[in-house]
Amino acid sequence: MQEFAAGLDRVVVVEEKRDFLEQQVRSALQPLGRPIQVVGKRDERGAPCSPSRAGWTPTRWPSAWSRC
């Protein structure tokens, strides 16, 4: 994960239901010692990016990610 994110400023994690993978990515990137935004269920301000209860649909995808 650290090698993958070496040149990035932001990582977007897309997963349904819980934010399990998002938390794992955030933890894996901490040792890099530089700020990398990890967004997924919520953006950097804490606003929701993805549906937490309903699944993804083609109509939800663009509206959700245009805010994040």
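Figures for the structure shown
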quantity	calculated
Segment D43-D9, extension gain: residue separation times 0.36 nm, minus the distance between their alpha carbons	10.9 nm
Net charge contributed by nearby residues that have their C-beta within less than 9 Å of R42 (K/R +1, D/E -1)	-2
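Read-outs throughout are calculated quantities, based only on the coordinates presented, and are distinct from any laboratory measurement. Since we're looking at a predicted model, the values are computed, not measured. FYI the Cβ positions are ideal-geometry reconstructions off the backbone, even for glycines, and counts take in every protein chain you see.
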